[in-house]
Amino acid sequence: MSSAFKLTLRYISFDQMLFWSSVSGCFTLLVLNQLSSRRLRLKDVNRRSLAASALMGLFNPFLYYLILFKAYDLLEAQVAGTLNYTWPIALVLLSIPFLKQKIKPLSIVAIFISFLGIVIISTNGNLQIFELANPLGVGLAVGSAFFWAIYWILNMKDKREETGKIMLNLFFGSVYILVYLLVTGEGVHIPVREALAGSVYIGLFEMSITFVIWLKALNFSGNTAKVSNLIYLSPFFALFWINLTVGETIRASTVAGLVLIILGIVFQQFTDRKKKGTTMR
């Protein structure tokens, strides 16, 4: 989706793009919810459900995408998109205070490997100078990963049906971004055709339909781990599409940094599975 973000930002501001994407995603899931046999009904919505979605919608889509889209506005797509893939490492770090999990020495090694990848990407490979290409943009891109990790932890504890739950999250997120636009004095503007098309596309395939397809793939697959491992291929395909559609020349430092980030994530998950296997034995 990095290409879609960057192309759409040529025609619209990052916060307006978030509003129209969130509204599109919410409407899409509303339709899918009505077509589902397990659809969310008004009688199923209670105060607890609304409170949960109000909190989750604050982190995603509001804070997460507001920060991420601003990062894309400041950085090249290859940099912002690659740095955002550090969220599994952020999840490990946040699991310490939120889930009371202890971090192992091997996990520290995995985090260091991914951190080295972040440094290489952020400095465009100029490690001797160690000057960030865009400090604010880099900080936002990496910071967005932590907001996604917080949302992931909240989602782990929420056992509601996925389509209805995410629909409510997007509804509250849309309200938050609307309030943000009104408070900042920007207001809501009808975007030009290219901006509207891009925003709707993001709402459909980034915020709504994609997650439904992903869940179905996990449900129908006999091996969840194999399906989940496909996530490691997506950033490399993303770089290809960025080069093809956005026209960015993919730097060797971006590829090298991405490889290190993915290696750190894989190493972290390998140690977790090894630990579980040892416990079972």
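Every number in this text was worked out from the coordinates using simple rules, so none of it is lab data. For clarity, every value in this text was computed on a predicted model and none was experimentally measured. Don't worry about glycine lacking a Cβ; one is built from the backbone with ideal geometry, like all the others, and counts go over all protein chains shown.
Quick one: what does P(r) look like for the chain with 10 Å bins over all Cα pairs, in whole %?
Histogramming the chain at 10 Å steps yields 6, 26, 35, 25, 7, 1, 0 percent.
Taking 35 Å as R0, compute the FRET efficiency from the Cβ-Cβ separation of Leu263 and Met156 and round it to 0.05.
E(calc), rounded to 0.05, equals 0.90.
Quick check: pseudo-label points 7 Å beyond the Cα along Cα→Cβ at Val183 and Thr249, how many nm apart are they?
4.3
Just how large is the dipole of the chain about the Cα centre, in debye to the nearest 20, putting +1 at every Lys and Arg Cβ and -1 at every Asp and Glu Cβ?
Rounded to the nearest 20 debye, it is 1480 debye.
Expressed as a rounded percentage, what relative contact order does the range 1-150 have, with Cα pairs under 8 Å and six or more residues apart?
Normalised by residue count, the contact order of the range 1-150 is 33 percent.
Please identify, among Lys100, Lys70, Lys165, the residue showing maximal mean-square fluctuation in a Gaussian network model of the chain using a 10 angstrom Cα cutoff.
In this elastic network of the chain, the residue with the biggest mean-square fluctuation among Lys100, Lys70, Lys165 is Lys100.
Distance cut-off 23 Å, Cα to Cα: go down the list Lys102/Lys157; Lys70/Lys104; Lys100/Lys157 and report the pairs above it.
Lys70/Lys104
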